[in-house]
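The values are calculated or read from the model by the stated rules, or taken from the named source; none is laboratory data. Since the structure is predicted, the reported quantities are computational estimates derived from the model, not experimental observations. Cβ atoms come from the backbone with ideal geometry, glycine included; neighbour counts cover every protein chain shown.
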Amino acid sequence: MRKSSKASKPSSRIGLRLAALLGIAGFLGGAVWGVVRLRDLWLAPCRVTDSAEQIVLEGNEYVPADAILGACGLTNGVNLARLAPDFAKIRLRLLARIPNLRDVSFTHRHPNRLEVRVAEREPVARMNLRGGPRRTGRVVDAEGVVFLRTPGTQLLPEIWEPSATPKGKQLDGRSRAALDVVNACRDPELEKLNLRAVDAAPFDYLVISFGSARCDRAKVDWEGRGQATEKARKALRKTLLQLKQAYDTHLGERAVMWNATVPDRVFANTMEPIQ
């Protein structure tokens, strides 16, 4: 009988321990369930049920709202509280997917309301490929980013590229130098040149088409062509101002090609000598 009593003590201790473990497990399970339940109750008001009412998009003029909101995953059923920590990643993904957008920001003001503000890129020139189709829909902004847009671009100057820069990419090399000419001619003092096109195909210079009463062409080169430096920008501006001054003299009214490739000198090549 004594042996039986001794044998029962370890088993009773094991039973107590199991009961304690089960109690702890039950407590922890209940706590976890409670936390999950509280989290669900907290997240429930952040769910979007009417995206047209709860999500406000501002700043888009040419890019459709559906394209922007769809790329962000902002549709009915999305939970803004779950999405908020990823807004920075969503912004980068959206800008990469839609190069027409220059910037985007998110403002989560209420549990289930969101403001999305976008800034679209403004084209400064149409992009065409030398030897390719004339109307490609590609345009470029002042920063050199290529994207697609047709409305409101018909009067912009053209840049003729030796090879096509894909949308979403930045211009470089001779195409970038051509954009530098376009940007320079946006200055009020150079707007009167009435720039029409820049041909970036030649290696040693650019060919620009300009003029209002007539369409003249000019070979243009400057120190630091294609370099993003202040010195290069000043050299380009000086060359274009000299070209404008020569053009305004009307000496080249019969010019078939101006030459502004030599520093501080502008020539007018005509079909007959200038009188």
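Quick notes on this structure:
- Residue within segment 120-137 that is more than 30 Å from PRO202 (Cβ to Cβ), touching a residue at least 24 places away in the same chain (Cβ under 8 Å) and either outside the structural domain of PHE203 (by TED's automatic domain parsing) or surrounded by 16 or more Cβ atoms within 10 Å (Cβ to Cβ) (or both) present: yes
- Residue list for segment 109-133, restricted to those being over 20 Å from ALA65 (Cβ atoms) and not in a strand (DSSP E or B): PRO111, ARG130, GLY131, GLY132, PRO133
- None of THR49, THR75 is modelled with pLDDT of 70 or more, loosely packed, with under 11 Cβ neighbours inside 10 Å and either among the hydroxyl-bearing types (Ser, Thr, Tyr) or more than 35 Å from the chain's Cα centre (by Cα) (or both) except THR49.
- Restricting attention to segment 176-208, the residues that are part of a strand (DSSP E or B) and closer than 13 Å to GLY226 by Cα add up to 1.
- Among the candidates ARG138, ARG93, residue that is in contact with a Ser or Thr (Cβ under 8 Å, 6 or more places away or on another chain) and modelled with pLDDT of 90 or more: ARG138
- All positions within segment 162-209 that are closer than 21 Å to ARG233 by Cβ, charged (D, E, K, R) and buried (at least 17 other Cβ atoms within 10 Å of the Cβ): ARG174, ARG176, ASP180, ASP199
- Complete set of residues in segment 138-158 that are of a type outside the set (A, V, I, L, M) and either out of contact with any Cys (no Cβ under 8 Å at 6 or more places or on another chain) or surrounded by fewer than 19 Cβ atoms within 10 Å (Cβ to Cβ) (or both): ARG138, ASP141, GLU143, GLY144, PHE147, ARG149, THR150, PRO151, GLY152, THR153, GLN154, GLU158
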